[in-house]
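Notes to accompany the following structure.
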Amino acid sequence: MAQTYNKPPKRQRKPVTVRRFLDEGLKRGLGLEVVVGEIGFDRVVGEALLHRPGLALTGYHRYFANARIQVVGQAEHAYLKSLKKYRRKRVEELFAQEIPCLVFTKDLSVFEEVREAAEASQTTVLRTEMLTSEFLRRASLLLEDVSAPFGNIYGTMLEVCGLGVFIEGPPGIGKSETALGLLKRGHALVADDLTHIRRTSSDTLMASAKEQTRGFMEIRGIGFINVWRTFGIGAVRGEKQLDLVVTLKRQEDFDELDRIGTGLACEFLGVSVKHLLLPVALGRELVNLVETAAQEYVLRASGYSAADDLDSRVKAHHVEGGKGYGAN
């Protein structure tokens with residue numbers, strides 16, 4: 001792995017509480033309402049997954065995934081409705097498993113026995129109008145996002161040619177100035193200076209700015225600029241996958257250059273990312289270099305390699321001509 005300017009960020013995870021699930025769900029349109037139990041908001045979701053209690057409602061609790069958010073859909077609701085005289089017992093047994101919370105979908109009615117057992121066990125009960133399948137899909141994505149490992153790295157993150165490019169390097173080397181030149185060419189800013197990254201379940205890195213600094217850049221000698229107001233709304237992205245890390249490094253600090261660009265990589269949060277080291281020297285057009293690096297990456301991702309193409313042409317010429325370039 002190539003050395004980056006950033007130290008590997010410490011992998012962090014925020015605990016997912018019922019309160020956080022509810023707050024994020026309201027932001028993302030899950031339409032959740034609290035039926036019972038604000039007192040249970042600080043209960044931690046042990047596994048960032050959802051579960052339909054099924055067998056647990058029959059009284060069988062072996063292998064029951066009690067650390068997950070439990071979801072009552074139409075099938076579970078119909079079963080509870082059919083129990084009648086045993087309903088209280090089954091519901092009390094369910095809440096005795098110390099579940100994080102219970103969610104009723106399809107705006108189904110909440111049984112009085114459920115309300116009483118939830119209050120007695122200090123467990124939150126939520127309800128949504130969404131169909132069960134749609135709620136499970138969207139809430140699963142939410143839990144994946146909020147429970148993902150995350151960290152912070154220092155540098156400027158942009159979208160260049162549709163690619164997520166992170167530019168890093170020591171202070172004063174020209175990161176923000178390079179980013180500014182790319183913005184003027186129609187590319188977009190994700191984050192300046194401090195970039196927040198999170199690892200997804202598919203082992204990709206997503207980068208974004210802190211909410212307070214999103215859309216702002218600091219340019220030495222000018223100060224802070226509002227990118228959205230200066231370049232238009234299309235010049236800012238909320239979040240972007242991190243595909244390529246570009247480290248700006250003074251030319252005199254290089255021991256050896258990667259002349260043909262054959263596969264340097266670096267690692268953040270355990271995910272390997274393609275890495276490019278660019279020498280900074282007087283007269284070098286960093287904006288052109290970073291833009292070209294992004295274009296070359298896109299070509300490589302499509303299966304084309306200029307180095308391999310050139311190598312095959314040289315070999316073909318050698319075979320057909322019967323002599324190499326060094327021959328007279």
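The values are calculated or read from the model by the stated rules, or taken from the named source; none is laboratory data. The structure presented is a predicted model; accordingly, all values stated were derived computationally and were not measured. For neighbour counting, all protein chains shown are included, and Cβ atoms are generated from backbone atoms with ideal geometry for every residue, glycine included. Just the protein is used for accessible areas: all its heavy atoms, side chains included, with ligands, DNA and RNA removed. Shrake-Rupley method; radii C 1.70, N 1.55, O 1.52, S 1.80 Å.
Considering every residue within the range 114-128, establish whether at least one is within 27 Å of the chain's Cα centre (by Cα), at pLDDT 95 or above, open to solvent by less than 10 Å² (accessible area, probe 1.4 Å) and not small (Gly, Ala, Ser). Yes: the range 114-128 contains one or more residues that are within 27 Å of the chain's Cα centre (by Cα), at pLDDT 95 or above, open to solvent by less than 10 Å² (accessible area, probe 1.4 Å) and not small (Gly, Ala, Ser). With respect to the conditions (1) open to solvent by 20 Å² or more (accessible area, probe 1.4 Å); (2) in a strand (DSSP E or B); (3) out of contact with any Pro (no Cβ under 9 Å at 6 or more places or on another chain); (4) not polar (S, T, N, Q), Arg198 falls short on a single one, namely (3).
All of (1) among the charged types (D, E, K, R); (2) within 15 Å of Phe104 (Cβ to Cβ); (3) modelled with pLDDT under 95 hold for Arg13 with one exception: (2). For Gly215, the requirement of being buried (at least 19 other Cβ atoms within 10 Å of the Cβ), over 18 Å from the mean Cα position of the chain (by Cα) and free of Cβ contacts under 8 Å to residues at least 40 places away in the same chain is met.
Rundown of residues vs (1) open to solvent by less than 10 Å² (accessible area, probe 1.4 Å); (2) touching a strand residue (DSSP E or B) at 6+ places or on another chain (Cβ under 7 Å); (3) at positive phi; (4) assigned to a loop (DSSP other than H, G, I, E, B), yes/no style:
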site	(1), (2), (3), (4)
Glu144	no, no, no, no
Gly164	yes, yes, no, no
Leu189	yes, yes, no, no
Glu211	no, no, no, yes
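Out of Arg198, Arg137, Arg185, Arg127, one residue alone is under 26 Å from Leu57 (Cα atoms) and touching a residue at least 24 places away in the same chain (Cβ under 8 Å). It is Arg127.
If you go through the range 174-187 and pick out every residue that is farther than 15 Å from Ile225 by Cβ and either of a type in the set (D, E, K, R) or open to solvent by 40 Å² or more (accessible area, probe 1.4 Å) (or both), you end up with 2.
Checked against the criterion of being touching a Cys at 6+ places or on another chain (Cβ under 8 Å), farther than 18 Å from Val114 by Cβ and not hydroxyl-bearing (Ser, Thr, Tyr), the candidates Gln3, Gln12, Gln70 yield just one match: Gln3.
Quick grid of which residues meet (1) more than 27 Å from the chain's Cα centre (by Cα); (2) at pLDDT below 95:
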residue: Lys7; (1), (2): no, yes
residue: Leu22; (1), (2): no, no
residue: Leu30; (1), (2): no, no
residue: Phe41; (1), (2): no, no
residue: Leu49; (1), (2): no, yes
residue: Phe64; (1), (2): yes, no
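Close Cβ contacts (under 6 Å, 6 or more residues apart or on different chains) running from residues in the range 147-161 that are closer than 16 Å to Gly238 by Cα and touching a residue at least 60 places away in the same chain (Cβ under 8 Å) to residues that are in a loop (DSSP other than H, G, I, E, B) and open to solvent by 30 Å² or more (accessible area, probe 1.4 Å) comprise Glu159/Arg237.
Table: residues versus (1) open to solvent by less than 80 Å² (accessible area, probe 1.4 Å); (2) touching a helix residue (DSSP H, G or I) at 6+ places or on another chain (Cβ under 6 Å); (3) among the polar types (S, T, N, Q).
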| position | (1), (2), (3) |
| --- | --- |
| Gly234 | yes, no, no |
| Leu286 | yes, yes, no |
| Glu291 | yes, no, no |
| His317 | no, no, no |
